[in-house]
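Remarks on the structure that follows.
Coordinate-derived values only; no laboratory data. Predicted, not measured: the structure shown is a model, and the values here were computed from it. For neighbour counting, all protein chains shown are included, and Cβ atoms are generated from backbone atoms with ideal geometry for every residue, glycine included.
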Amino acid sequence: MRSSLSYLRWPLIVTVVGIALAAWLGLRFTGSTTGAVSFFMIALVLAILEISLSFDNAIVNANKLKEMTPKWQRRFLTWGILIAVFGMRIIFPLLIVVIAAHVGPLAAIRLAATDPEEYSRLIHEAHLPIAAFGGAFLMLVALSFFFDQSKDVDWIGKIERALRRAGSVRGMEVGFVLVIILLFVWLLPVRDEQIFMYSAMWGIVTFLAVDALGHVLDRWGQAQDAARGTAQVGLGGFLYLEVLDASFSFDGVIGAFALTQNLFLIAIGLGIGAMYVRSMTVMLVERGTLAEFRYLEHGAFWSILILSIIMFGQTMWHLPEVVTGMLGAIFIGAAFVNSVMWNRRHKGHAQG
């Protein structure tokens, strides 16, 4: 079995290269050693922010990856990380500016390089629809887990059992999200109601479309592989994970602009963090950690549910990204501790 340090080889290499590049950018943009040190520190903080916000993403990724064929596992861990780093951390913020400012991609890049304050303003103006879309999508991800009738392990017993019973009603998770959306529409100022409702509905439609497409593709793939005796998911799972990663990235990308308006520095810092998340995913899959710690997955999905509520809340109030990261870490940490305690109790029973 690989040592724990071996999983960190590439993230550490990327960290060294990224931090050096961040310092060089600081020197180029500010012309001073102080600026280089400032860029260096911001890149480190952004990487930590991304890791803290995305640890639950790694757990969910690992849970889905274990169902995928080795070929699609490799594809997600290679192509997927490229899409995650370059797609969501670079192209996504540019795309927001292209749409919001009605400019071309090259003009958006020039804007990011020459007028970072205006670039940041455009990004923040797009925060409402992004938060509504991401909140709806992630809430459905979490509720689909808790409403699953086949789930036979409960962590927060009374609540999770009640949610699973509610899941016996078809479409209950969608109805629950719609009620939450209507509540926020009632609370929001009139000027924001339409864009919030429109964006949240697209979050629901995207989840349902990806879920349906995933089932169709996976059924097709399983039929193709039937002769070889395999029954694992492939392209459908890959697409699901990519959309999920995109939704997880929203708060990290938006939160990064609270630290710096420099697009290139944001890409470096979040890219470093994404490499650590990828390595955590690989370790969880290869070591079977999710099976060893029975409540860890539950902690991740509770963290996702809290994140979705926070994203909705951010349409009205400013909530620091550190709060999101801390709440996620608390749920996952508590689930880990409870898993260790459960293992010790049952190990003692087995020995007795």
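Please arrange Val285, Val97 by counting, for each residue, the other beta carbons lying within 10 Å of its beta carbon, fewest first. Could you put the intermediate results ahead of the total?
Details: Val285 20, Val97 25.
Least crowded to most crowded, the residues run Val285, Val97.
When the Cα centres of segment 81-151 and segment 162-176 are compared, how far apart do they sit, in Å?
29 Å
Listing Leu327, Leu5, Leu263, Leu95 from the residue with the fewest other Cβ atoms within 10 Å to the one with the most, what is the order?
Sorted ascending by nearby Cβ count, the order is Leu5, Leu95, Leu327, Leu263.
Obtain the nm distance between the two label points defined at Ile91 and Ala113 by a simple spin-label model: each point lies 7 Å from its Cα along the Cα-to-C-beta direction.
With each label point 7 Å from Cα toward Cβ, the separation is 2.0 nm.
Starting from the Cα gyration tensor of segment 146-208, take the square roots of the eigenvalues, sort them a ≥ b ≥ c, and report rounded, prolate or oblate (rounded when a/c is under 1.5, otherwise prolate if a/b is larger than b/c, else oblate).
prolate
Residue by residue through segment 206-213, what is 3J(HN,Hα) from phi via Karplus (6.51 cos²θ - 1.76 cosθ + 1.60, θ = phi - 60°)? Round to whole Hz and write x for glycine and proline.
5, 4, 5, 5, 5, 4, 5, 4
If you rank Val174, Val141, Val169 by fewest surrounding Cβ atoms within 10 Å, what's the result? Could you put the intermediate results ahead of the total?
Working: Val174 16, Val141 23, Val169 10.
Lowest count first: Val169, Val174, Val141.
Could you pull out every residue, at least 5 positions away or on a different chain, whose amide H is within less than 5 Å of the one on Met68? Hs are placed 1.01 Å off N in the peptide plane, and Pro or chain starts have none.
Val233
Which FRET efficiency value, to the nearest 0.05, do you get for Val169 and Met197 by plugging their Cβ-Cβ distance into 1/(1 + (r/R0)^6) with R0 = 25 Å?
Numbers: r = 24 Å, r/R0 = 0.95.
In this case the efficiency is close to 0.55.
Per 0.36 nm of contour for each residue apart, how much would the distance between Ala20 and His102 grow if the chain were fully extended, relative to their Cα-Cα spacing? List each step's numbers first, then the result.
Details: separation 82, 0.36 × 82 = 29.52 nm, distance 3.43 nm.
Gain in length upon complete extension: 26.1 nm.
Report ³J(HN,Hα) in whole Hz for each residue of segment 143-151, in order, from the Karplus equation J = 6.51 cos²θ - 1.76 cosθ + 1.60 where θ = phi - 60°; Gly and Pro get x.
Coupling constants for segment 143-151: 5, 4, 6, 6, 8, 5, 5, 8, 5 Hz.
In terms of the Cα gyration tensor, with a ≥ b ≥ c the square roots of its eigenvalues, is segment 23-122 rounded because a/c is under 1.5, prolate because a/b exceeds b/c, or oblate? If you can, show how the numbers build up before the last one.
Values: a/c = 2.66, a/b = 1.56, b/c = 1.70.
The shape class here is oblate.
Straight-line reach from Lys158: which aspartates and glutamates have Cα under 16 Å away, leaving out those fewer than 8 places along the same chain?
Result set, ordered by chain and number: Asp148.
What full-extension length gain, to one decimal in nm, is calculated for Met341 and Gln149 as 0.36 nm per residue of separation minus the Cα-Cα distance?
Working: separation 192, 0.36 × 192 = 69.12 nm, distance 2.60 nm.
Extending this stretch completely gives an extra 66.5 nm.
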